[in-house]
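So the structure is just underneath, and the comments pick up after that.
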C-alpha cells in the first residue's frame, strides 16, 4: 500500500477544499471592484498565440490590452482580433516587450515567443511584478530558470506553464489510475515524442534582406547575431530546430509527455539523477536545422524508477509490440499488475492481461484525486484572482524541462550523465554544465 505523505498534489487538493478559510496575501486585492477585469498582454504573437488568444477571449473576466511582437504583421493581426472581439480599440500593437512589462496597469503576460526568449522575458516580467503564463519548453538555461523560480516565489507571483495536458480529462484519469496503484506499483516507464522529419532535416542558410516590418535584432534578442533569412524566423522549422533558439523536439514536444511522467510519478518537485544513451543530429555545414533529431535515452530517478525516453520513430516498434493503440507521443506507466498509457487526448489501461475501457472504470473509488482544472488558461486566470498555484507550477516546469537538457547533453557528448536534482548541476562531468546554459548577447541578456 502506498504510504501516506504530504506532496504538492495533496497540498493543492486540500487548499482548494479549504479555500473559504484561506487568508489571501495582499497582492490578491488587485481586483478592487467586481467590474474590474484582469488585464493581459500577449508577448510573442506567432502561430501558437492564436490558440492561446482564443482561450483568453472566451474568458469574460479578462481584457487583452496589448499584443507584442517584433514582427509587425503578427502583432497587428492579434491586436485586430482582440479589437474585433471587444468592439473597440482596446488592444494596442506594441513592438518591444519592455513597453508592456513596465506598464503598471497590466496584471499579467502570456509569453509565446520563440524558446530562447521565454526565460529572459519571464524574468523581466517577474521583476516588474507581473503574473505569467509561459509556453513550453521553458528555455535554454537551467541556471536562469532557477533565477526565474526565485523571482516568482520571492514576489509571490503566479506562474502557469504551457503543458495543457495537466488540464485535460484524459490526463487526470491517467494520473488517478497510476497514483491509486490501479495497475500495482509502477516499476518503469516508456516516454516518447515526435521529431523533425529526417527527410526535412536540412535547410540551407542563405542570407536575405530583412523585410520591412521586422525588427530582426529584437527578434534575435539574446541569441547570437546571424545573417537574416526567412527560414530562420518565418518558418517554424527554423525557430523550433535551430540550436541558437531551441533544443529541438526533445524539449519542444518532449515537454508534454515528460510533464505527464513527472506528474504521474508524483515527482514534480524533483527530477532524474542519471541519463545515458544515443541520438543523432544534423551537423552538415550551412544547415540551419541542427538540434537533436533522434534519441534513445535511459533515465533513472533516485527512487529507483527507470525510464526510457525516445523519439517517436525509435519508440514505434517497441510500443506497438504490446500496445495496440500507438500514437506519436505518450507515456506508459508499467505496473506490477498491468500498465496505464497516456497520449495527448487519450488514456487507456490494461490490467492482468485484459484491456479495460476508461469509461467503465469507477473513478469515485479512488482516494487520491488529481487536481481538476476548468481549462489551462482559465486555471491561470483563476489563480491570478485567488493567488493560489495553478496546475503547472514553475517547479514542475523546471524539473520536467531538466530532463530535456540532460538528454540533449548526453546525446551530444556521448557521456553517461549523473545529475543532482537539488542543485540542478551535472556532477560527474562538470564541464558539461556549460551545455545546460547559453551565453546571452548584450544588451538583451544583460538583466540576467
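The values are calculated or read from the model by the stated rules, or taken from the named source; none is laboratory data. What you are looking at is a predicted structure, and each value in this text was computed from that prediction instead of being measured. Cβ atoms come from the backbone with ideal geometry, glycine included; neighbour counts cover every protein chain shown.
Within the range 198-220, is there a residue that is within 19 Å of residue 141 (Cβ to Cβ), touching a helix residue (DSSP H, G or I) at 6+ places or on another chain (Cβ under 6 Å) and not in a helix (DSSP H, G or I)?
no
Give the range 328-351 a look and list any residue that's more than 24 Å from residue 275 (Cβ to Cβ) and touching a strand residue (DSSP E or B) at 6+ places or on another chain (Cβ under 6 Å), or say none.
Within the range 328-351, 336, 337, 338, 348, 349, 350, 351 qualify.
Let me confirm something: among 244, 231, 266, 259, which residue is closer than 23 Å to residue 140 by Cβ and either surrounded by fewer than 16 Cβ atoms within 10 Å (Cβ to Cβ) or under 18 Å from the mean Cα position of the chain (by Cα) (or both)?
Selected residue: 259, the only one of 244, 231, 266, 259 that is closer than 23 Å to residue 140 by Cβ and either surrounded by fewer than 16 Cβ atoms within 10 Å (Cβ to Cβ) or under 18 Å from the mean Cα position of the chain (by Cα) (or both).
With respect to residue 109, determine if the residue is assigned to a helix (DSSP H, G or I) and at pLDDT 95 or above.
Against the criterion (assigned to a helix (DSSP H, G or I) and at pLDDT 95 or above), residue 109 does not qualify.
Pairs under 6 Å by beta carbon, first residue outside the structural domain of residue 124 (by TED's automatic domain parsing) in the range 29-43, partner outside any helix (DSSP H, G or I) and at pLDDT 85 or above, six or more apart or different chains?
Note: no pairs meet the criteria.
Which residue is surrounded by the fewest Cβ atoms within 10 Å (Cβ to Cβ), if the candidates are limited to the range 426-438 and must be free of Cβ contacts under 8 Å to residues at least 40 places away in the same chain and within 22 Å of residue 123 (Cβ to Cβ)?
Filtering first and then ranking leaves 434.
Residues in the range 341-348: is at least one farther than 30 Å from residue 56 by Cβ and either surrounded by fewer than 20 Cβ atoms within 10 Å (Cβ to Cβ) or not assigned by TED's automatic domain parsing to the domain that holds residue 54 (or both)?
yes
Listed residues 122, 126, 67, 73; which is in contact with a strand residue (DSSP E or B) (Cβ under 8 Å, 6 or more places away or on another chain), closer than 24 Å to residue 210 by Cα and modelled with pLDDT of 95 or more?
Residue meeting the stated conditions: 67.
With (1) crowded, with 21+ Cβ neighbours inside 10 Å; (2) within 25 Å of the chain's Cα centre (by Cα) as the list, and residue 54 as the residue in question, which single condition is left unmet?
(1)
With respect to residue 414, is the statement that it is touching a residue at least 24 places away in the same chain (Cβ under 8 Å) and surrounded by fewer than 13 Cβ atoms within 10 Å (Cβ to Cβ) true?
Answer is yes for this residue.
Select, from 158, 205, the only residue that is touching a residue at least 40 places away in the same chain (Cβ under 8 Å), in the same structural domain as residue 42 (by TED's automatic domain parsing) and more than 28 Å from residue 360 (Cα to Cα).
158
Can residue 118 be described as assigned to a helix (DSSP H, G or I) and over 18 Å from the mean Cα position of the chain (by Cα)?
no
Listed here are the residues, each with its yes/no results for (1) farther than 23 Å from residue 433 by Cα; (2) assigned to a strand (DSSP E or B); (3) modelled with pLDDT under 95.
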residue	(1), (2), (3)
275	no, yes, no
296	no, yes, no
299	no, yes, no
308	no, yes, no
313	yes, no, yes
332	yes, yes, no
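Filter the range 382-430 down to residues that are out of contact with any helix residue (DSSP H, G or I) (no Cβ under 9 Å at 6 or more places or on another chain) and in a helix (DSSP H, G or I) and give me whichever is nearest to residue 190 (Cα to Cα).
430
What tally of residues in the range 380-408 results from selecting those that are surrounded by fewer than 22 Cβ atoms within 10 Å (Cβ to Cβ), more than 22 Å from residue 150 (Cβ to Cβ) and in contact with a strand residue (DSSP E or B) (Cβ under 9 Å, 6 or more places away or on another chain)?
1
Which of the residues belonging to the range 249-273 are assigned to a loop (DSSP other than H, G, I, E, B) and either closer than 18 Å to residue 421 by Cα or without any contact (Cβ under 8 Å) to a residue 60 or more places away in the chain (or both)?
Listed by number, the residues that qualify are 265, 266, 267, 268, 269, 270, 271, 272, 273.
Provide a single number: the residues in the range 132-155 that are in contact (Cβ under 8 Å) with a residue 24 or more places away in the chain, in a helix (DSSP H, G or I) and either farther than 21 Å from residue 407 by Cβ or under 16 Å from the mean Cα position of the chain (by Cα) (or both).
Selection size over the range 132-155: 10.
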